[in-house]
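Right, one structure below, let's go through it.
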Amino acid sequence: MTTSPTVVARETYHAVIGMEVHAQLQTVSKMFCSCSADYWEAAPNSHVCPVCLAMPGVLPVINEAAVEQTVRTGLALNCEIAPFSVFARKNYSYPDLPKGYQISQYELPLCHDGWLMIDGDDNQPRRIGIRRAHLEEDTGKTIHMDGVSLVDLNRAGVPLLEIVTESDLRSADEAYRYLVKLRTILRYLGVNSGDMEKGAMRCEVNLSLRTAEQATRGEYGVKVEVKNLNSFKAVRDSIAYEVARQTVVLDSGGSVQQVTMGWDEDRRRTVLQRSKESSEDYRYFPEPDLPPLELSSEWIEAVRTTLPELPDARIARFTGNYGISRQDAEVLTAERGIAEWFEEAVRAYEGSPREVANWVTGELFALLNTQEGDITALDLSPDDLAALLALVDAGVINRNTGKRVLAEMVSTGQPPQAIIDAQGLAQVSDEAGLAAVVDAVLAANPDAVAKYRDGKTSLLGWFMGQVMKETRGKANPDVVRGLLAKRLNTQE
Ligand SMILES: [Zn+2]
């Protein structure tokens, strides 16, 4: 069965949602040893050493690059960076955790009290508090197959950044937008690949419902956790499902139980994983094998200077300086590489940046939809796009031919002028030559001419089309339009 609970709410409930995201950092080596952190598709247990295998007597060493990436992220999320933070042992027992504990941060995280802006459901900007962002290590992986369980420890010890929000999210859509925004920022910073399919970002949601009256009294409902969400869609769907499920429970006079749920993608519903009674006590204590992490304000400020321009600032600059629409600016800044490609084209082009934005978001993105990869992976340089636009502006080719040439540029990597020359695509603006074509088209279609002169002036477009067909699309449309108007509006 894949039915969601039907909701006919007697009471209006408001969702209170918090989110935890685990993001793998893009360091060369693991968090506490020198094993390569790039384990994707590597043979099982080939990226391991005595430290990440938890052999007796080994000592962890803090990966400085992971600390720096965490601080970069904290600064980008407007967090306070703790000058003094402490690693802690989170004790639990699981086959993919050879030490029997995970090194994490608990009472004193590296980053805390930040925020990130999203568009709220009411289209107003909403500030989502970031309670903390701390550093920890990833676990290994247990693989169940053919009746046996296998453990691969390549992932064990990969640096993991946990980013925890305040309970500021109010709906499945807001949660989704938060994740999209967060991923964009992490990718801009170069600290995370954003690749959900490879498990580079994993999400957990906590959610409770309350009535407006409870909200006024500052009260909260019972919190349910949903863990192991491996796609943004699963986050959105599981929240929508839980809101509906809890609404039914509350409306029927029941009470929501404090539990941990998982998401069953096939059945499209949350499933119970753990009740409150069986919830674990991790017995955190400070990691005795590692010193506290002490960061000087000079070092933190030096990291701050390495921050790139972030998406919000870039959107503001694109709309303000270039006069492009917010919608286009959002599309163009969704990936740092695209934004930088676009700006290079703007610099190389003498016309309006809006024109570049139109071509990139219109023609070029349409071509990309039929191709693998993104704009930066194309064999097309920003300079060549600028050159193409200049050729259209100069009337060497018309706009429609320009689109054809662009498609050719994308598939062959050739510059526009070479394609125009090789295929004889240069626009025909010569008035005498075009007049002969116009006259021939009019002579061949006396009925249409008569209708036009009877008042059906919308036929002008059809005549334009005929002339374009005769000239294989190369005629200068302005010249053709002028010639047609002159001929058709002059009664013979
Ligand atoms: Zn190792």
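General remarks:
- Kirkwood hydrodynamic radius (C-alpha pairs) into Stokes-Einstein, the range 61-140, 10 °C and 1.306 mPa s, D in µm²/s: 112
- The overall shape of the range 12-51, judged from the alpha-carbon gyration tensor, is prolate: a/c is not under 1.5, and a/b is greater than b/c.
- The stretch between N45 and E64 holds 4.4 nm of extra length on full extension. This uses 0.36 nm per residue minus the Cα-Cα distance.
- What the Cα atoms of the chain give is an Rg and a Dmax of 30.3, 104 Å.
- Among Y39, Y106, Y282, a tally of other beta-carbon atoms within 10 Å of each Cβ gives an order, fewest to most, of Y282, Y106, Y39.
- Short-range pairs are left out: with C-alpha atoms under 8 Å and at least six residues apart, the relative contact order of the range 129-220 is 20 percent.
- The long axis of helix 232-251 is offset from the longest Cα principal axis of the chain by roughly 60 degrees.
- Label sites at A54 and M117, each approximated as a point 7 angstrom past Cα along Cα to Cβ, lie 4.5 nm apart.
- Projecting the Cα atoms of G413, V180, S149 onto the dipole axis of the chain, where Lys and Arg carry +1 and Asp and Glu carry -1 at the beta carbon, places V180 farthest toward the positive end.
- Distance violations [Cα-Cα > 22 Å] among K99/K276; K30/K198; K181/K233; K456/K486: K99/K276
- Think of the chain as having a plus end and a minus end, set by charges on the Cβ of Lys, Arg, Asp and Glu; of S275, P83, Q423, S275 sits farthest toward the positive end of this dipole.
- Alpha-carbon spread of the range 173-250, three principal axes, descending order, Å: 44, 22, 16
- The range 109-163 and the range 306-356: distance between their alpha carbon centers, rounded to Å: 30
- Remark: the chain carries a charge dipole of roughly 1140 debye about the Cα centre, counting +1 on each Lys and Arg Cβ and -1 on each Asp and Glu Cβ.
- Our coupling estimate for the range 56-69, obtained by passing each phi through the Karplus curve with A = 6.51, B = -1.76, C = 1.60 and θ = phi - 60°, is x, x, 7, 10, x, 10, 6, 7, 5, 4, 5, 5, 5, 5 Hz, Gly and Pro reported as x.
- The calculated FRET efficiency for N489 paired with E265, based on their beta-carbon distance and R0 = 60 Å, is about 0.40.
- Backbone amide hydrogens, once placed in the peptide plane, bring A475 within less than 5 Å of V428, excluding anything fewer than 5 places away on its chain.
- Entry for the range 385-492 at q = 0.13, 0.18, 0.21, 0.24 Å⁻¹: log10 I(q)/I(0) = -0.52, -0.83, -1.00, -1.20, Debye formula applied to identical alpha-carbon scatterers, no solvent contribution.
- Rounded to whole Å, sorted largest first: equivalent-ellipsoid semi-axes of the range 431-489, Cα gyration tensor: 18, 11, 10
- Förster radius 51 Å - calculated FRET efficiency between T457 and F365 (Cβ-Cβ, nearest 0.05): 0.90
- Folded to 0 to 90 degrees: helix 382-393 orientation relative to the chain principal axis, Cα: 30
- Relative contact order computed over the chain (Cα-Cα under 8 Å; 6+ residues apart), in percent: 14
- Length gained on full extension, A444 to M145, computed as 0.36 nm times the residue gap minus the Cα-Cα distance: 100.2 nm.
- Where only alpha carbons of the range 305-356 are counted, the Rg and the Dmax (Å): 10.6, 33
- Residues H47, H112, H14, sorted so that the one with the fewest Cβ neighbours within 10 Å comes first: H14, H112, H47
- Rounded to the nearest 20, the size of the Cβ-charge dipole of the range 311-423 about its Cα centre is 340 debye, with Lys and Arg at +1 and Asp and Glu at -1.
- Straightening the chain between N230 and Y94 buys 46.9 nm, computed as 0.36 nm per residue apart minus the Cα-Cα spacing.
- Efficiency of FRET between E213 and V248 - r from beta-carbon atoms, R0 22 angstrom, step 0.05: 0.65
- Taking the longest Cα principal axis of the chain as reference, the axis of helix 172-189 is set at about 80 degrees.
- Signed unit charges on C-beta, dipole axis of the chain, positive-most listed residue N400, Q327, V243: V243
- Extending 7 Å from Cα along the Cβ direction at E309 and again at Q273 yields two label points whose distance is 4.1 nm.
Coordinate-derived values only; no laboratory data. The structure displayed is predicted, hence computed values, not measured ones. Cβ atoms come from the backbone with ideal geometry, glycine included; neighbour counts cover every protein chain shown.
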